[in-house]
Amino acid sequence: MIERTLATTHGQLPVKIPSQLNEVTLGQMIALQDNPELGDLDAISILSGIPVTDLQSVRNANDFIQFADAVLSLSHQIKHLYNSDDIPQKITLMVGDKPVIVKVVNNLSVEPAGAFMAARDVIADEITEHIKIYGEDNWKEYFNPSLTACCKILAFYFYCLATGNVYDEYAAAAFTETIKNIRVTEALPIAKHFFMSYPNLSKPRTGFWHRLLRL
């Protein structure tokens with residue numbers, strides 16, 4: 001972490017932002033990725049949790065240079081993380097106010113059927129969109145799923161494992177808010193596993209009803 005106290009027009013402002021990727025949550029990285037017009041203060045705000053309006057009151061703009069360098073470093077680190085196959089042994093999730101430990105490595109399958117189908121659709125849509133833009137040749141070599149898609153996959157994967165509840169589509173979709181608190185270094189390798197494990201999903205999906213209509 002980088003911690004500094006900056007002088008503002010109204011006093012002092014303590015600012016703390018991550019300097020290493022393992023200090024960043026998936027939710028923070030999603031917020032960074034989803035904003036195409038991201039400015040330096042926006043990025044610092046996302047990583048520090050301090051509103052942009054408070055950061056704008058800092059007296060000396062040069063105080064932000066050290067933070068901007070950290071943001072740039074994180075952007076380079078995330079590119080390397082996409083190539084990582086280091087799946088964590090276990091994940092700790094906060095379910096309500098209670099920490100729940102879920103073993104990962106020996107249970108890499110999306111269950112039950114409802115969760116699998118929902119995850120399958122997310123994966124298929126993401127891969128199909130990538131191929132539509134970049135072509136099908138060697139798509140795996142250049143494919144980086146969006147972090148939002150990764151978050152959805154992990155919500156479907158972890159919901160029943162972490163809560164012990166019967167699968168519910170809407171509750172599992174809402175579980176993304178819990179998933180966003182996972183460190184991105186833990187989340188991305190797991191999500192990548194599912195994307196790479198279903199290469200047949202690169203084809204446009206055809207449901208049973210559409211197959212019946214063809215017949």
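The values are calculated or read from the model by the stated rules, or taken from the named source; none is laboratory data. The structure presented is a predicted model; accordingly, all values stated were derived computationally and were not measured. Note that each Cβ is placed from the backbone with ideal geometry, even for glycine, and that neighbours are counted across all protein chains shown. Please note that ligands, DNA and RNA were not included when accessible areas were found on the heavy atoms of the full protein model with its side chains. Shrake-Rupley method; radii C 1.70, N 1.55, O 1.52, S 1.80 Å.
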Problem set entry | Condition broken by I101, with the remaining ones in (1) touching a helix residue (DSSP H, G or I) at 6+ places or on another chain (Cβ under 7 Å); (2) of a type in the set (A, V, I, L, M); (3) closer than 20 Å to A191 by Cβ satisfied | (1)
Problem set entry | All positions within region 60-97 that are of a type in the set (D, E, K, R) and closer than 16 Å to I182 by Cβ | D86, K90
Problem set entry | Those residues of region 66-115 which are among the charged types (D, E, K, R) and closer than 17 Å to M1 by Cα, in sequence order | D69
For this session: Return the only residue of D63, D137 being acidic (D, E) and more than 30 Å from T5 (Cβ to Cβ).
Result: D137
Exercise. In this structure, is I44 among the aliphatic types (A, V, I, L, M), surrounded by 14 or more Cβ atoms within 10 Å (Cβ to Cβ), touching a strand residue (DSSP E or B) at 6+ places or on another chain (Cβ under 8 Å) and within 30 Å of H10 (Cβ to Cβ)?
Worked result: yes
Exercise. Is it the case that I30 is open to solvent by less than 30 Å² (accessible area, probe 1.4 Å) and farther than 20 Å from D69 by Cβ?
Worked result: yes
